[in-house]
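What follows is a short report on a single structure.
The values are calculated or read from the model by the stated rules, or taken from the named source; none is laboratory data. Note that this is a predicted model, so its numbers are computed, not measured. FYI the Cβ positions are ideal-geometry reconstructions off the backbone, even for glycines, and counts take in every protein chain you see. Heads up: the accessible areas ignore ligands, DNA and RNA and are worked out on the full protein's heavy atoms, side chains in. Shrake-Rupley method; radii C 1.70, N 1.55, O 1.52, S 1.80 Å.
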Amino acid sequence: NLGYDQKTQVDFSAIANDSARTHMLPVQRFFHLTSLAHIYLQEGRLEESLTTYREAIDLCRRARHAEGLAQSMRMLAEVLFTIGRELEALPHLQEAAQLFAQLEDHEAEALVRRQAAVVLERTGSPEAVAAWKRVQTLVRASGNAQEELAALEGIARATRAAAGSTDEVVRLFDEALAFAARSGDRGRETVLHNTLGVLRWERGDYDDALAHYEAALALLRDAGD
């Protein structure tokens, strides 16, 4: 963006796209198409944006441009995810993750696999636990403590949704709590104490539930909340 208004940007991108099509330059067209799709989205032209992202996907697939295909799918999936069409986003996220894995772009792979895990969890899929475990493996290798904690919580939530307040679920949330405490994430530590309080209460372990609630209360008081 060089300060031009959006109409001018659209015109420039459309002209560049036509030129790249004429000269059979698929990689350049990928950039122009995704730029157009983004501008359409900013203008509120949702269906035109989605159509243009899909055009970029088709182009990259025909040209066997793996990086462009992965990026186009990620962009389309993020839009679909944001507007609540999560199940439509899921296959794009899953294919993009496979492509990023082949390209050895593990940071991008972790990002799209996390979004896929969220969709699977929200829709009650039995695949949610395995999806979160894959995310955990990726982010652990990168040393991203915050993302690893998010993955641990995802595993625990998905297991709870499938199995209820079992011993394994309590163990998983205990593991997440210990990780939050070690990493100094007091906000997540508070939330996890509260969650474990609920789990212990549901199981009739009232003394343990009380201990978790009191621990959460102490953290909130320390934070001045």
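From the list 153, 127, pick out the single residue that is open to solvent by 20 Å² or more (accessible area, probe 1.4 Å) and in contact with a helix residue (DSSP H, G or I) (Cβ under 7 Å, 6 or more places away or on another chain). Result: 127 is the single residue among 153, 127 that is open to solvent by 20 Å² or more (accessible area, probe 1.4 Å) and in contact with a helix residue (DSSP H, G or I) (Cβ under 7 Å, 6 or more places away or on another chain). What about residue 176, is it open to solvent by 30 Å² or more (accessible area, probe 1.4 Å) and touching a residue at least 24 places away in the same chain (Cβ under 8 Å)? For residue 176, the condition - open to solvent by 30 Å² or more (accessible area, probe 1.4 Å) and touching a residue at least 24 places away in the same chain (Cβ under 8 Å) - is not met. Only one of the listed residues (108, 96) is in contact with a Lys or Arg (Cβ under 9 Å, 6 or more places away or on another chain) and crowded, with 23+ Cβ neighbours inside 10 Å. That residue is 96.
Quick check on residue 196: is it open to solvent by less than 30 Å² (accessible area, probe 1.4 Å), more than 21 Å from residue 94 (Cα to Cα) and within 21 Å of the chain's Cα centre (by Cα)? Working first, answer last.
Numbers: open to solvent by less than 30 Å² (accessible area, probe 1.4 Å): yes; more than 21 Å from residue 94 (Cα to Cα): yes; within 21 Å of the chain's Cα centre (by Cα): no.
Spelling it out, it is not the case that residue 196 is open to solvent by less than 30 Å² (accessible area, probe 1.4 Å), more than 21 Å from residue 94 (Cα to Cα) and within 21 Å of the chain's Cα centre (by Cα).
Cβ-Cβ contacts under 8 Å between residues 6 or more apart (or on different chains), taken from a first residue in region 86-107 that is closer than 13 Å to residue 68 by Cα and without any contact (Cβ under 8 Å) to a residue 12 or more places away in the chain to a second residue that is of a type in the set (Ser, Thr, Tyr) and surrounded by 19 or more Cβ atoms within 10 Å (Cβ to Cβ), are absent. A single entry from 161, 218, 223 fulfils the requirement of being in contact (Cβ under 8 Å) with a residue 12 or more places away in the chain, open to solvent by 30 Å² or more (accessible area, probe 1.4 Å) and over 30 Å from residue 101 (Cα atoms): 223. When region 153-193 is filtered for residues that are part of a helix (DSSP H, G or I), within 21 Å of the chain's Cα centre (by Cα) and acidic (Asp, Glu), only 153 remains. Of the residues screened, residue 121 is not one that is in contact with a Leu (Cβ under 8 Å, 6 or more places away or on another chain), surrounded by fewer than 23 Cβ atoms within 10 Å (Cβ to Cβ) and either touching a residue at least 60 places away in the same chain (Cβ under 8 Å) or charged (D, E, K, R) (or both).
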